[in-house]
Amino acid sequence: MKSFRKVLIANRGEIAIRIIRACQELGIRTVSVYSKEDKLALFRTKSDESYLIGNNKGPVEAYLSIEEIISLAIKKAVDAIHPGYGFLAENPEFAQKCIESGIEFIGPTPEMMDKLGDKIKSKLIAQSIGVPTIPGVEKAIKSDQEAIKFAQKCGYPIMLKASAGGGGRGMRIVRNETDLLQEFHSAKNEAQKAFGIDDIFIEKYLESPKHIEVQVLGDNYGNIVYLYERDCSIQRRHQKVIEFAPAFKISAEQRKAICADALKIARSVNYRNAGTVEFLLDKQGNHYFIEMNPRIQVEHTVTEIVTGIDIVQSQILIAQGYKLNSKEVGIPRQSAIQTRGYAIQCRVTTEDPSNSFAPDTGKIDVYRTGAGFGIRLDGGNGYTGSVISPYYDSLLVKITSWSRTFEDAINKSQRAIRETLINGVKTNEAFLLNVLSHPRFKNGECDTGFIDASPELFD
Ligand code: ADP
């Protein structure tokens, strides 16, 4: 068993703060790293030590400085690195270099990341163990002729997807052959720019499914549990806006089948640490595996609230070598893991809904957040006087509500958003309120097509 004294957080913003808090509760000293653009960022002040990285690099590249982060970690006698999400979180080379430097990487092994980071490879794994996947052609398209042939085989409408994709990028819906080649080339270009790999494959486009994902946790000894599911169907441009747990109005059999398949996927790669198995659920109630994310996710909060399990602390304890059911990690056997009530997470972003959600920047003059019973806040860099820069994602604060019923969790979310006052930068609060008060949302009828099909949300 290892005992971490010091953990470095290779990330920024809200997730850096979330990880620092988990370390503090475990009595572990924290080291943060920051780019020159983040000199005044809040997360820096929350850690015990903080160091500038990537001084001669761009704002994003700074957080991707593998060599610099690792040599800093060695110099500062760090025991482990938590990568958060984004940046280096799913980079097998980074995880490998940590291991080679004698530093624990808080996450799965590089081999697991390598298999799961590729959507084609992970679909093939799912197929090999009998977990349903969306019909398609699981091969990188090599030519225009192949694109036409594979699309015909699959049948329109189709989805073009980057095998290395993430964050909704490199994905295109194609409804007929006329648009195919143009979309294929733009997906390829986007994938090359975003991921450095331009492999594109094809699958059937499902009309307005639900996005249901299952949180799993595995220790280093092959013990794996699931912490039930989240509904992440409220999406804009394939990116999540509001998430909740557990899913509302899906049948007990569906829930059971989805969780069982998630466990099958995690077991097939002997998964370790925290991960999420994602599925789409079609209107007929069929579920299909789409991918497994080998990292902590933005929406982990809702699962923590309904299960009472601290996922980030579990990640750190598992990386130290504790077993899931040890007194330290304290995860009970599967049958004793239960969800209680409903939790809803709203992502408050500095985006302007009246201007196609363009990111807004500038100084925050007033920053006042909601609070009270049933409200959890996971904030990033927002405070009165802080400056929102154009360099990073626009997530300002996550407002997560909890109540015994879905209806009251919605009431609490609405109340907390109304209590929030942010002046100086535009935010999406009014848009979030429109979603929360929409009858389809309240009835649990939302699917991934909801935002596009509801122009009234933009009023
Ligand atoms: P990323 O890794 O970029 O987040 P995912 O594969 O997780 O991409 O898909 C993100 C979202 O894109 C899904 O939640 C869903 O809304 C949509 N999507 C992906 N594949 C399909 C598909 N075959 N049909 C319909 N929607 C899809």
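The values are calculated or read from the model by the stated rules, or taken from the named source; none is laboratory data. Predicted model, so just to flag it, every value in this text is computed and none were measured. As a convention, Cβ positions derive from the backbone with ideal geometry for all residues, glycine included, and neighbour counts pool all protein chains shown.
Are any residues in the range 30-63 outside any helix (DSSP H, G or I) and crowded, with 18+ Cβ neighbours inside 10 Å, and if so, which ones?
Thr30, Val31, Ser32, Val33, Tyr34, Ser35, Ala41, Ser47, Ser50, Ile53, Gly54, Tyr63 - these are the residues of the range 30-63 that are outside any helix (DSSP H, G or I) and crowded, with 18+ Cβ neighbours inside 10 Å.
Is one or more of the residues making up the range 291-300 more than 30 Å from Ile103 (Cα to Cα) and either buried (at least 22 other Cβ atoms within 10 Å of the Cβ) or within 14 Å of the ligand (Cβ to nearest atom) (or both)?
Among the residues of the range 291-300, not one is more than 30 Å from Ile103 (Cα to Cα) and either buried (at least 22 other Cβ atoms within 10 Å of the Cβ) or within 14 Å of the ligand (Cβ to nearest atom) (or both), which makes the answer no.
Any residue that is at pLDDT below 95, out of contact with any strand residue (DSSP E or B) (no Cβ under 8 Å at 6 or more places or on another chain) and under 24 Å from Gly117 (Cβ atoms) - is there at least one of those in the range 239-262?
yes
Collect the residues in the range 173-195 that are more than 15 Å from the ligand (Cβ to nearest atom) and among the aliphatic types (A, V, I, L, M), keeping them in residue-number order.
Passing the criteria: Leu180, Leu181.
Which residue is farthest from His211 (Cα to Cα), if the candidates are limited to the range 115-154 and must be over 24 Å from the mean Cα position of the chain (by Cα) and within 12 Å of the ligand (Cβ to nearest atom)?
Filtering the range 115-154 for residues that are over 24 Å from the mean Cα position of the chain (by Cα) and within 12 Å of the ligand (Cβ to nearest atom), the one farthest from His211 (Cα to Cα) comes out as Cys154.
Counting just the residues of the range 196-225 that are within 10 Å of the ligand (Cβ to nearest atom) and surrounded by fewer than 19 Cβ atoms within 10 Å (Cβ to Cβ), which one comes out farthest from Val306 (Cα to Cα)?
Lys204
Only one of (1) surrounded by 19 or more Cβ atoms within 10 Å (Cβ to Cβ); (2) over 30 Å from Gly222 (Cα atoms) fails for Glu177. Which number is that?
(1)
Considering Val425, Val366, which residue is touching a residue at least 12 places away in the same chain (Cβ under 8 Å), of a type outside the set (Ser, Thr, Tyr) and touching a Leu at 6+ places or on another chain (Cβ under 7 Å)?
Going through Val425, Val366 in turn, the sole match is Val366.
From the list Cys232, Cys259, which residue is more than 16 Å from the ligand (Cβ to nearest atom) and hydrophobic (A, V, I, L, M, F, W, C)? Step through it out loud before you land on a result.
Numbers: Cys232 fails: more than 16 Å from the ligand (Cβ to nearest atom).
None of the others qualify; the one that does is Cys259.
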